[in-house]
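Asks: Structure in structure tokens, see below.
Nothing in this text is a laboratory measurement; each read-out follows from the coordinates by a stated rule. Small disclaimer: the values here were computed from a predicted structure and weren't measured. Cβ sites come from the backbone with ideal geometry, for glycine too, and all protein chains shown count toward neighbours.
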Amino acid sequence: MRTKPLSTPKIASAEAELVERIMDEFHSSIRELRCTGMGRLVKAGLSMTNLHVLGLLSRHGELPMSRLAEILDVSLSNATGLIDRMEERGLVERLRVPDDRRIVKVRLSAAGSRTLEEAEILKKDLVAKILGQMTVAQHERLARCLEDVRAAVARVVAAEGPEAFGHTHAHDSQPHEVEGLHGRHVHLQRSPDTRSLQTQPLHTLGSEA
């Protein structure tokens with residue numbers, strides 16, 4: 001006697017439940033990994049806020065103070081205080097624009113670059129310890145799964161473009177979305193003419209005449 005095949009609604013329901021389970025497991029793992037990673041960085045004397053600023057400067061190069069404050073979603077005075085403390089630690093450097101001495105830019109220092117490298121080492125060490133709790137067979141299965149995920153992402157990007165993930169490369173003329181300290185997203189965009197970095201809050205896009 002043949003087994004009666006599952007109906008389409010049940011299959012769809014089972015798939016939806018599986019997708020939900022995958023998403024829950026993924027987000028839960030990311031949250032735990034992030035919390036543990038933050039704890040390790042704090043113990044090493046590295047502020048998450050400082051690392052956020054260093055990461056921005058590493059990716060986008062030197063930034064005017066006003067732009068940095070906008071990206072971080074803080075007032076200019078708060079951003080200035082933050083940069084003051086980071087400059088005292090030698091993590092960043094201030095420089096004046098020759099054509100307009102009123103404009104102050106911030107850039108990553110050599111010590112700031114080393115701090116980012118140390119943070120990356122801590123993160124890699126944490127991931128290595130996690131993988132150390134798994135068997136070789138689990139490593140192989142995980143590698144295959146990640147390859148499948150990467151291939152699926154590539155297909156979505158090819159079909160819909162990088163903007164499907166709210167991201168474009170900083171050197172492109174297209175907007176690049178980053179998250180400020182308070183969760184508000186802003187756009188970074190390089191002007192086609194000047195290649196200068198511009199920022200704009202997402203809620204204002206399309207509202208200008």
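Asks: With labels modelled as points extended 7 Å from the Cα through the Cβ direction, what inter-label distance (nm, one decimal) is found for Met38 paired with Glu87?
Replies: 2.9 nm
Asks: Follow-up question, since we're still on this one. Taking the mean number of other Cβ atoms within 10 Å as a proxy for protection, how do you rank 30-42, 125-137 from highest to lowest?
Replies: Details: 30-42: 12.6, 125-137: 10.1.
Highest-to-lowest ranking by the protection proxy: 30-42, 125-137.
Asks: Let me ask you something else. Give me a comma-separated list of calculated 3J(HN,Hα) values for the range 68-85, in order, Karplus coefficients 6.51, -1.76, 1.60 applied at θ = phi - 60°, integers in Hz, x for any Gly or Pro.
Replies: 4, 4, 5, 4, 6, 6, 10, 6, 4, 5, 5, 5, 5, x, 4, 5, 4, 5
Asks: May I pose another question? Just subtract the alpha-carbon distance of Ile103 and Ser13 from 0.36 nm times their residue separation and send over the number in nm, one decimal.
Replies: Details: separation 90, 0.36 × 90 = 32.40 nm, distance 5.79 nm.
Value of the extension gain: 26.6 nm.
Asks: Find how many whole Å separate the alpha carbon centroid of the range 10-44 from the alpha carbon centroid of the range 47-81.
Replies: The range 47-81 and the range 10-44 have Cα centres spaced 29 Å from each other.
Asks: Rounded if a/c is under 1.5, else prolate if a/b is larger than b/c, else oblate: which is the range 30-174, with a ≥ b ≥ c the root eigenvalues of its Cα gyration tensor?
Replies: Working: a/c = 2.86, a/b = 1.52, b/c = 1.89.
Verdict is oblate for the range 30-174.
Asks: What does the extension gain come out to for Ser75 and Arg155, with contour length at 0.36 nm per residue minus their alpha carbon separation? Can you show the working numbers first?
Replies: Details: separation 80, 0.36 × 80 = 28.80 nm, distance 4.02 nm.
Computed gain between Ser75 and Arg155 is 24.8 nm.
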